[in-house]
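Report on the structure given below.
The values are calculated or read from the model by the stated rules, or taken from the named source; none is laboratory data. None of the values given here were measured: they were computed from a predicted structure. With ideal geometry, Cβ positions are generated from the backbone for all residues, glycine too; neighbour counts draw on all protein chains shown.
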Amino acid sequence: MLLRKFLFGERYLTKVAAVYPNRQWAERAAEDVRENAHVTGKQVQVIEPYDHEWERKIEPEGVGIWRTAVRSHVTLGALGLVAGAILYFVLWFIPIEAVRSTPWLSLIVMSMFGGIFGLMAGGFVTLRPDHDAVVRPIREATAAGRWSVVVHASSHEEERAVRASLDRTGAPVASTL
């Protein structure tokens, strides 16, 4: 939970989605999720066919995404910097002659490379590659004239309840990690 606070600025990290052939099934599924999984109205989005704002319904937290970018880069960049310094001290005490012959330069180089790798990890966290499992089916369904339901879960318990509710409809369900 603490790592989540330092890396993510979004309120709803998990998304669960299902695709339906018509409006009635999608709205019935959305209502079932609201009643049985006890989620609020804004957490459940019904996406119409050919909806031009489907992306905003999947990723409604624009400011939260920016907070995630900043937090993940700062946190993982700092951790990488510290990891590089720790590596320097480990190599110093082994002793490795290359490190001992240029101590300050070695410390700077290892710390900077650690920081760079940390920033790259922050970029990976910001990209959220796990969201593709939800975005791709919704994009395809919207373009093909089908209806979709996307639920933004705030906890793992809520995600399990939402998934169980959507699974009962018989539609294929996709979710982020």
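Just one of (1) modelled with pLDDT under 90; (2) out of contact with any strand residue (DSSP E or B) (no Cβ under 8 Å at 6 or more places or on another chain); (3) assigned to a loop (DSSP other than H, G, I, E, B); (4) not hydrophobic (A, V, I, L, M, F, W, C) fails for residue 67. It is (3).
Against the condition farther than 30 Å from residue 111 by Cα and outside the structural domain of residue 140 (by TED's automatic domain parsing), how does residue 5 come out, does it pass? When the stated conditions are applied, residue 5 does not pass them. Name the one entry in 142, 176, 102 that is more than 21 Å from the chain's Cα centre (by Cα) and surrounded by 14 or more Cβ atoms within 10 Å (Cβ to Cβ). Being more than 21 Å from the chain's Cα centre (by Cα) and surrounded by 14 or more Cβ atoms within 10 Å (Cβ to Cβ) holds for just one of 142, 176, 102, which is 142. Inspection of the stretch 39-59 finds a residue satisfying the criterion of being farther than 22 Å from residue 145 by Cβ, out of contact with any strand residue (DSSP E or B) (no Cβ under 8 Å at 6 or more places or on another chain) and β-branched (Val, Ile, Thr).
Here's the yes/no breakdown for (1) over 25 Å from the mean Cα position of the chain (by Cα); (2) crowded, with 16+ Cβ neighbours inside 10 Å; (3) under 29 Å from residue 117 (Cβ atoms):
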site: 30; (1), (2), (3): no, yes, no
site: 46; (1), (2), (3): no, yes, no
site: 56; (1), (2), (3): no, no, no
site: 59; (1), (2), (3): no, yes, yes
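Looking at 147, 66, just one residue is within 21 Å of the chain's Cα centre (by Cα), closer than 26 Å to residue 11 by Cβ and among the aromatic types (Phe, Trp, Tyr), and that residue is 66. Within this structure, residue 131 passes the test of being touching a Ser or Thr at 6+ places or on another chain (Cβ under 8 Å), surrounded by 14 or more Cβ atoms within 10 Å (Cβ to Cβ) and either part of a helix (DSSP H, G or I) or modelled with pLDDT of 95 or more (or both).
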